[in-house]
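To start, the structure under review is shown below, and the notes come after it.
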Amino acid sequence: MKIDAHHHFWKYSPAEYGWIDESMNAIRRDFLPGDLKALIDAVGIDAVVSVQARQTIEETRCLLEMADENDFIRGVVGWVPLICPTVSDSLAQFASNSKLKAVRHVLQDEADENYMLRGDFNKGIAALRRFDLVYDVLIFERHLPQTIKFVDKHPQQVFVLDHVAKPEIRHNVLDPWRENIQVLARRENVYCKLSGLVTEANHRSWTPDQLRPYVEVVLEAFGANRIMFGSDWPVCLLACEYKRWFSIVTDFISTLSPAEQKQVLGETAIRAYRL
């Protein structure tokens, strides 16, 4: 089974998706399950994991409703107010829905660079294990040192790093991202999504060869058994069509063994998210 472990849905409105500015006209419209189903069918992907794009309880509820109505949506990464003292009550609202697999907070947009080290945030993370939920880590590469400290506070919690921590690809900078990724990858409870690279490069002039060194770093650091494919659709459309990104990833991993390729394209996501 092939899995796209990272994509989004939305009904676009400027008020709710203020981060989609005028330079992003390609994604200033609705993106719904029917749109994605046609794309995954074309490349042979069997199922997907839907990831939150709004930081509201309503977003989690909407994604779960879509998942209930579409069998190909096997998992949801939702949002809950992790710093709220009653976060367990919020989690309990969704506990009966087996398709809620993880939660995510948009750490990359927090003004506090050490937000993930806050006591109230970490109490919220500690609550996830009672509900067997994964935590998706969305950061920029500059947040990696504090993210390592954050992960070390929760050695039994499963983490999935989104978009290989968004290195500075457009400037062809590998370090210190490479060193920090290698340190983070020593934590065996951390997985990594092979996603989001094209939008960290120049949207018009990037090349696969420019991305390759970053892919090689994470493959060596995490190994195929902790790497999973993600499209980051529709955000990827700012720089790359869905089919092309899937083709590029399959080319990047073509030197791996057939068993390792199966891990990256599906088995890792199935194991990490218990799909």
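Any read-out appearing in this document is the output of simple, stated calculations on the displayed coordinates, not a laboratory observation. Because the structure is a prediction, the values reported are computed rather than measured. For neighbour counting, all protein chains shown are included, and Cβ atoms are generated from backbone atoms with ideal geometry for every residue, glycine included.
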| message | So the check is Cβ under 8 Å with 6+ separation or different chains; which pairs have a first residue in the stretch 154-177 that's on the phi < 0 side of the Ramachandran plot and a second one that's part of a loop (DSSP other than H, G, I, E, B) and hydroxyl-bearing (Ser, Thr, Tyr)? | response | 162/195
| said: I need every pair where a residue in the stretch 112-127 that is under 17 Å from residue 155 (Cα atoms) has its Cβ under 7 Å from the Cβ of a residue that is among the polar types (S, T, N, Q) and part of a helix (DSSP H, G or I), sequence separation at least 6 or different chains. | reply: 116/146; 116/147; 117/146; 127/88
| request: Mind listing whichever residues of the stretch 134-187 are more than 18 Å from the chain's Cα centre (by Cα) and either assigned to a helix (DSSP H, G or I) or among the aromatic types (Phe, Trp, Tyr) (or both)? | output: 145, 146, 149, 152, 170, 171, 178, 179, 180, 182, 183
| field | Residues being acidic (Asp, Glu) and touching a Phe, Trp or Tyr at 6+ places or on another chain (Cβ under 8 Å) - total across the stretch 27-74 | value | 3
| task | Kindly indicate which of 100, 64 is of a type in the set (A, V, I, L, M) and closer than 18 Å to residue 137 by Cβ. | result | 100
| task | Report, by residue number, each residue of the stretch 40-63 that is surrounded by fewer than 19 Cβ atoms within 10 Å (Cβ to Cβ) and among the hydrophobic types (A, V, I, L, M, F, W, C). | result | 42, 43, 57
| said: Regarding the stretch 78-95, can at least one residue be identified that is surrounded by 22 or more Cβ atoms within 10 Å (Cβ to Cβ), under 22 Å from residue 185 (Cβ atoms), of a type in the set (Val, Ile, Thr) and under 18 Å from the mean Cα position of the chain (by Cα)? | reply: no
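Only one of 268, 250 is more than 20 Å from residue 185 (Cβ to Cβ) and part of a helix (DSSP H, G or I); which? Give the steps one after another, and end with the answer.
Numbers: 268 fails: more than 20 Å from residue 185 (Cβ to Cβ).
Just one listed residue meets the conditions, 250.
For residues that are of a type in the set (A, V, I, L, M, F, W, C) and more than 23 Å from residue 258 (Cα to Cα), scanning just the stretch 192-233, find the one that is surrounded by the fewest Cβ atoms within 10 Å (Cβ to Cβ). Give the derivation first.
Pass one, the stretch 192-233, residues of a type in the set (A, V, I, L, M, F, W, C): 192, 194, 197-198, 201, 206, 211, 215, 217-219, 221-222, 224, 227-229, 233.
Narrowing the set further to residues that are more than 23 Å from residue 258 (Cα to Cα) leaves 197-198, 201, 206, 233.
Values: 197: 28, 198: 23, 201: 21, 206: 18, 233: 25.
Checked the stretch 192-233; the qualifying residue surrounded by the fewest Cβ atoms within 10 Å (Cβ to Cβ) is 206.
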| note | Only one of (1) among the β-branched types (Val, Ile, Thr); (2) farther than 20 Å from residue 228 by Cβ; (3) touching a residue at least 24 places away in the same chain (Cβ under 8 Å) does not apply to residue 76, and that is (2)
